[in-house]
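Engineer: Structure below; questions to follow.
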Amino acid sequence: MRLQIDERRCKGCNLCTLVCPYRIFKPGKRANRRGIVVPELDRPERCANCRLRHLYGRTLCGTCQMICPDQAISWKEDEEPVPKKVAIEY
Amino acid sequence: MSEEDWLRQDRLPHIFCAGCGNGTVINCTLSAVEQIGWKRQETVFVSGIGCSSRAPGYISTDSLHTTHGRALAFATGIKLANPQLNIVVFTGDGDLAAIGGNHFIHACRRNIDLTVVCLNNMIYGMTGGQGSPTTPMGGLSTTTPYGSGEPAFDLCGLATAAGANYVARWTSYHVRELTRAILTGLENPGFSFIESLVQCPTNYGRRNRFKQVADQIEYFKSHTILVEKAARMKEKGEMIPPEMILAGEFVRRNRPALGVRP
Ligand SMILES: Cc1ncc(C[n+]2csc(CCOP(=O)(O)OP(=O)(O)O)c2C)c(N)n1
Ligand code: SF4
Ligand code: SF4
Ligand code: SF4
Ligand SMILES: [Mg+2]
């Protein structure tokens, strides 16, 4: 699982930086195209939900997602590499 | 299904200001309706007017965005017309306790089977920051520029006295506890009242020493005291500072209720 912030929804309130026990969210430094300073993720692979969700079969922690007033935090499945047939031309 | 399915994604981002606590309470409420397993087709969200009352507009069920103060009157109508429906009301402190105060006490008295989530930001947010019946003593607003001189309404105390079956209070910092309280409210037959204090950085926070959104959240964190602990302190004759927010479950009981599914 990969933690992600939806830049189209985030309003840069920084509440996520307050609640993460691992301090994964850091206040951002640069405004994006919408003029919003979106937080940065510091080694998001440490997130409890990223590591353990599949093992336990439910959301673990999830506090950042619950407190985010703009529904901007979610997790994405890691993509399995898909084998592709490639025609090799000599 | 997940909470995301309950959102009208095409309507997001919502219009709430950056850091407004309303969005957090929407998350907690949707998590609770998801956990109880209600179907979207059988659930209706109702609200009055105010920033907080815009919440149903972002939720993918049938909803009524009614006139200011009248959410409970409309919700009562829906419940009596079709008791099969699950009804959740979002309401602001002004909507519920000022213009809608009488509907509130009578809905509690009738103990009608609704779950009411009050997003109490202690101010009229939408209209520019006028004082509300829950603005704390000394609180600054556009109508109380020298600090409110009136005591604030204790909404949970009011709901308890008027007869609601379930009454609880939390804040937008306490996301887990708030979600659990809303879930208990959904499960409990009769009138369930859950008050959540929320930050309104634009119209309350910046006038009242909370320069950053985080400051008010930190305040909620450090100024809440559990009902049980407050009761123990009272027993020992200890003083509870008046600015402390009592949080937790106030009542869970089984008075006869109206509109409960047969
Ligand atoms: C009958 C009527 N009176 C007054 C208003 C103006 N008005 C709109 S919202 C509002 C107060 C909202 O305060 P609250 O219910 O606390 O919601 P918030 O915006 O703080 O979430 C008022 C007085 C109105 N729309 N209709
Ligand atoms: S809590 Fe949500 S909206 Fe606020 S900064 Fe974090 S991701 Fe953005
Ligand atoms: S789910 Fe918990 S551990 Fe993971 S990023 Fe959010 S707050 Fe941090
Ligand atoms: S005015 Fe206050 S209550 Fe309304 S959206 Fe802005 S922060 Fe939220
Ligand atoms: Mg209000």
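The values are calculated or read from the model by the stated rules, or taken from the named source; none is laboratory data. The structure presented is a predicted model; accordingly, all values stated were derived computationally and were not measured. Here the Cβ is made from the backbone with ideal geometry for all residues, glycine too, and neighbour counts use every protein chain on show. Just so you know, the surface numbers come from the protein's heavy atoms only, side chains and all, with ligands and any DNA or RNA stripped out. Shrake-Rupley method; radii C 1.70, N 1.55, O 1.52, S 1.80 Å.
Engineer: Given the rule -39500 (n - 2.57) for each run of at least 4 DSSP H residues, summed and divided by the residues of chain B, what is its mean residue ellipticity at 222 nm, to the nearest 500 deg cm²/dmol?
Structural biologist: On the way: 7 runs with 76 residues, N = 262.
Value at 222 nm, helices only: -8500 deg cm²/dmol.
Engineer: Can you give the average number of partner chain beta-carbon atoms within 10 Å of each beta-carbon in peptide B:169-177, as a whole number?
Structural biologist: Per residue, the average neighbour count from other chains is 2.
Engineer: Also, I was wondering about something else. By its C-alpha gyration tensor, with a ≥ b ≥ c as the square roots of the eigenvalues, how is the range B:1-150 shaped: rounded for a/c under 1.5, else prolate for a/b larger than b/c, else oblate? Mind showing how you got there, number by number?
Structural biologist: Values: a/c = 2.38, a/b = 1.40, b/c = 1.70.
Since a/c reaches 1.5 but b/c is at least a/b, the shape of the range B:1-150 is classed as oblate.
Engineer: Another question, if that's okay. Give me the percent of DSSP beta bridges within the range B:43-252 that run antiparallel, rounded to the nearest 5. Mind showing how you got there, number by number?
Structural biologist: Values: 6 of 35 bridges.
Close to 15 percent.
Engineer: Hey, another quick one. Taking only Cα atoms and a 10 Å spring cutoff, compute GNM fluctuations for chain B and point out the largest among B:PHE104, B:PHE90, B:PHE16.
Structural biologist: Fluctuation is largest for B:PHE16.
Engineer: Each residue of the range A:67-77 in turn: what ³J(HN,Hα) in whole Hz from Karplus with 6.51, -1.76, 1.60 and θ = phi - 60°, glycine and Pro shown as x?
Structural biologist: 7, 4, x, 10, 6, 9, 9, 8, 10, 10, 4
Engineer: For the range B:146-202, compute the orientation-averaged projected area of the C-alpha convex hull (one quarter of its surface), in nm².
Structural biologist: 5.2 nm²
Engineer: With +1 on the Cβ of every Lys and Arg and -1 on the Cβ of every Asp and Glu, and nothing else charged, how large is the dipole of chain B about its Cα centre, in debye rounded to the nearest 20?
Structural biologist: Numbers: 25 positive and 22 negative charges, 58 e Å.
Value, rounded to 20: 280 debye.
Engineer: Under a crude label model (7 Å from the Cα following the beta-carbon direction), how far is B:ARG261 from B:GLU4 in nanometres?
Structural biologist: Once both label points are built, they end up 2.8 nm from each other.
Engineer: Taking a probe of 1.4 angstrom, what is the accessible area of A:VAL82 in Å², to the nearest 10?
Structural biologist: Counting only protein heavy atoms, the figure is 110 Å².
Engineer: What pairs in A:LYS76/B:LYS39; A:LYS26/A:LYS76; A:LYS11/B:LYS211; A:LYS26/B:LYS211; B:LYS39/B:LYS221; A:LYS26/B:LYS221 have C-alpha atoms more than 22 Å from each other?
Structural biologist: Correct reply: A:LYS76/B:LYS39; B:LYS39/B:LYS221.
Engineer: Further question on the same structure: Kindly give the semi-axes, whole Å and largest first, of the ellipsoid equivalent to the range B:32-110, taking each as the square root of 5 times a Cα gyration tensor eigenvalue.
Structural biologist: Listed largest to smallest, the semi-axes of the range B:32-110 are 20, 15, 10 Å.
Engineer: How high is the FRET efficiency from A:ARG43 to B:ASP215, r the C-beta distance, R0 30 Å, rounded to 0.05? Before the final figure, lay out the partial values.
Structural biologist: On the way: r = 28 Å, r/R0 = 0.92.
Taking R0 as 30 Å, the efficiency between A:ARG43 and B:ASP215 is 0.60.
Engineer: While we're here: Rank B:LEU7, B:HIS106, B:VAL88 by how far each Cα sits towards the positive end of the charge dipole of chain B (+1 on Lys, Arg Cβ; -1 on Asp, Glu Cβ) and give me just the farthest.
Structural biologist: B:HIS106
Engineer: For B:GLU218, A:GLU80, write out the residues from largest to smallest accessible area, computed with a 1.4 angstrom probe and no ligands counted.
Structural biologist: Sorted by accessible area, descending: A:GLU80, B:GLU218.
Engineer: Of all alpha-carbon pairs in chain B, indicate the percentage at a distance above 28 angstrom. Mind showing how you got there, number by number?
Structural biologist: Working: 9745 of 34191 pairs.
More than 28 Å apart: 29 percent of the Cα pairs in chain B.
Engineer: So what's Rg/Rh here for the range A:2-74, counting alpha carbon atoms and using the Kirkwood radius for Rh?
Structural biologist: Result: Rg/Rh = 0.97.
Engineer: Another question, if that's okay. Using a 1.4 Å probe and counting only protein heavy atoms, how much accessible surface gets buried when A and B come together, both sides summed, in Å² to the nearest 100?
Structural biologist: Numbers: alone 7030 and 12030 Å², together 17420 Å².
Separately minus together, A and B give about 1600 Å² buried.
Engineer: Using a 1.4 angstrom probe on the protein heavy atoms only, could you order B:TYR146, B:TYR58, A:TYR22 from most to least accessible area?
Structural biologist: Largest accessible area first, the residues go B:TYR146, A:TYR22, B:TYR58.
Engineer: Using a 1.4 angstrom probe, figure out how much accessible area the range B:112-262 has per residue, in square angstrom, rounded to the nearest whole. Present the calculation step by step, with values, prior to reporting the outcome.
Structural biologist: Working: 7100 Å² over 151 residues.
Accessible area per residue, the range B:112-262: 47 Å².
Engineer: Across peptide B:111-121, what mean number of C-beta atoms from other chains lies inside 10 Å of a residue's C-beta? Show your work: numbers first, answer last.
Structural biologist: Values: counts 0, 0, 0, 0, 0, 0, 0, 0, 0, 0, 0.
Taking the mean over all residues of the peptide, I get 0.
Engineer: Rounded to the nearest 10 Å², what accessible area does A:VAL86 have for a 1.4 Å probe in the complete protein model?
Structural biologist: Counting only protein heavy atoms, A:VAL86 exposes about 110 Å² to solvent.
Engineer: Sticking with this structure for a sec: Using modelled amide H (1.01 Å from N, peptide plane; none on Pro or chain starts), what sits under 5 Å from the amide H of A:LEU3, excluding residues fewer than 5 places away?
Structural biologist: A:LYS76
Engineer: Among B:TYR204, B:TYR173, B:TYR219, which one moves the most in a GNM of chain B with springs linking Cα atoms closer than 10 Å?
Structural biologist: B:TYR219
Engineer: Against the 2.2 N^0.38 Å scaling, with N counting residues, where does the protein assembly as shown land? I'd like the Cα-based Rg ratio to two decimal places.
Structural biologist: On the way: Rg = 21.3 Å, N = 352, 2.2 N^0.38 = 20.4 Å.
With N residues counted in the protein assembly as shown, Rg over 2.2 N^0.38 Å equals 1.04.
Engineer: Can you list the residues of the range B:4-32 that have at least 50 square angstrom less accessible area with all protein chains present than in their chain by itself, probe 1.4 Å?
Structural biologist: B:PRO13, B:HIS14, B:ASN27
Engineer: Kindly rank B:159-170, B:248-259, A:25-36, B:177-188 from highest to lowest mean number of other beta carbons found within 10 Å of each residue.
Structural biologist: Listed from highest to lowest mean packing, they are B:159-170, B:177-188, B:248-259, A:25-36.
Engineer: Would you work out which of A:VAL86, A:LEU52, A:PRO69 lies farthest towards the positive end of the dipole of chain A, given +1 charges on the beta-carbon of Lys and Arg and -1 on that of Asp and Glu, about the Cα centre?
Structural biologist: My answer, from the dipole projection, is A:PRO69.
Engineer: In peptide B:66-75, how many Cβ atoms from other protein chains are near each Cβ within 10 Å, on average?
Structural biologist: 0
Engineer: Rounded to a whole number, what % of the accessible area of the range B:43-252 do carbon and sulfur atoms account for, probe 1.4 Å?
Structural biologist: 55 percent
Engineer: Specify which residue in the list B:THR127, B:LEU158, B:TRP170 is farthest towards the positive end of the charge dipole of chain B, using unit charges on the beta carbon of Lys, Arg (+1) and Asp, Glu (-1), about the Cα centre.
Structural biologist: The residue sitting farthest along the positive end of the dipole is B:LEU158.
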